[in-house]
1. Once you've got the GNM for the chain with C-alpha springs shorter than 10 Å, pick whichever of 209, 112, 317 has the biggest mean-square fluctuation.
2. Using 5 Å bins from zero, what percent of all Cα-Cα pairs in region 213-348 falls into each bin?
3. For the pairs 197/331; 237/294; 294/344; 237/319; 187/237, flag any whose C-alpha to C-alpha distance is greater than 27 Å.
4. Counting each DSSP H run of 4 or more residues in the chain as -39500 (n - 2.57), what helix-only mean residue ellipticity at 222 nm follows after dividing by all residues, to the nearest 500 deg cm²/dmol?
5. If you fit an axis through the alpha-carbon atoms of helix 245-259 and take the longest principal axis of the Cα set of the chain, what angle between them do you get, 0 to 90°, nearest 10?
6. Going Cα to Cα from residue 29, which aspartates and glutamates come in below 15 Å? Please leave out same-chain ones fewer than 8 positions away.
7. How would you classify region 155-245 from its alpha-carbon gyration tensor, with a ≥ b ≥ c the square roots of the eigenvalues: rounded for a/c under 1.5, else prolate if a/b is greater than b/c, otherwise oblate?
8. Treat region 103-259 as a sphere of radius equal to its Kirkwood radius over Cα pairs and apply Stokes-Einstein at 10 °C in a medium of 1.306 mPa s; give the translational diffusion coefficient in µm²/s, rounded to a whole number.
Amino acid sequence: MAADLLGLAEIAALLGTTKQVVSNWRTRKPGFPHPVVELKSGPVWQREDIVRWAKREGVSFAEPVEGHVRRRAPARHARIVALMNMKGGVGKSTLATNLGWYAAFERNRRVLLVDLDPQFNLSQYVLGTAGYEKLLHDEQLTVEALFRPAEERPENVQDVIVTVREYRDGSCVHLIPASLDLAWTIKHAESRVHLLKTYLDEVRNMYDLIIIDCAPTESLLSIAAYHAADYVFIPVKPEFLPTIGLPLLQRSMLEFGNTYRDASVPEVGGIILNDTANKVEQEKSRHDILVAAKEYDWPILKNEISHSESYPAGARLGKPIFMTDNARTVKKSELVRLGDEFLKGIGL
């Protein structure tokens, strides 16, 4: 009977991790099993409850478990994802922030967010308004420094990375911020569009996921993103103007492949319907999106994000929706489902 009961130390040994990680899982993951008893020495769980939960979550076992093959933890090699649409106002920065936070906080991943938009919406969202103002006051290097001439560029990309949050289990949210200076620097950087890929490749083994929030126009920045990314995901608000960005993006990617024949064109991971509402005028746009997706052979993610005022509320505070006060449970659940589908689609 005793062998069927596990404390924190035994769970950590079973799953090849630390007691702190198990404690984090217990706090962060709603589905983590409840202990069968709380002793003075600590909580105690049924072994079968922990095994069932770990299999469901895809957590590797360090000890042999019936019906499960022991695996070594894989070496990190970050998936690099660009969120793109040739039309602004579709919620790219909101999605990039919330998907990144979800991967780190709920899925224990090491996440780097890259703001590749001179409007710096992602940076403001992640840091909050006050945090971003402090960053500028402290003269922190931003992503534009990576595109400067050789004698002005930082030697190490880590000089540009800002720590947003780090947890004891190793998961984190880091940021390469942007500023208005990017618009000027990139105008003179046609021969340096490959540098973003070069810099990100230097830190791929430090992260599980790198998300690039792209500018909503065809420019040298989109070329830099194509060079660096493994996947492109396309947020679309089902309205007329955001929808017309799809053929522009398809043409942009084709032109990149024809121009840079030695480069790999990123895979389209899918279209993400964002900021949706039950409005009649959205139905035609949904139809147009389906037609374009079929024509270009682009998948559409089955989970979508509906309109919620909790997203802009979180942006002012630098918080994802699941940390935002008064956010409705149904809205948080939408992000959880989309986050899981998104991570599964890129193999995380």
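1. Of 209, 112, 317, the most mobile in the Gaussian network model is 317.
2. In order of increasing distance, the bins hold 2, 9, 17, 19, 20, 17, 10, 5, 2, 0 percent.
3. Result: 197/331; 187/237 exceed 27 Å.
4. Helices in the chain give a 222 nm mean residue ellipticity of -12500 deg cm²/dmol.
5. Result, in degrees: 80.
6. 49, 57, 106, 169, 340
7. In terms of gyration-tensor shape, oblate.
8. Calculated translational D: 97 µm²/s.
The values are calculated or read from the model by the stated rules, or taken from the named source; none is laboratory data. All values derive from a computational prediction rather than experimental measurement. Note: ideal-geometry Cβ built from the backbone for every residue, glycine included; neighbour counts use all protein chains shown. For the accessible areas, the whole protein counts, side chains as well, though only heavy atoms, and no ligand, DNA or RNA atoms are used. Shrake-Rupley method; radii C 1.70, N 1.55, O 1.52, S 1.80 Å.
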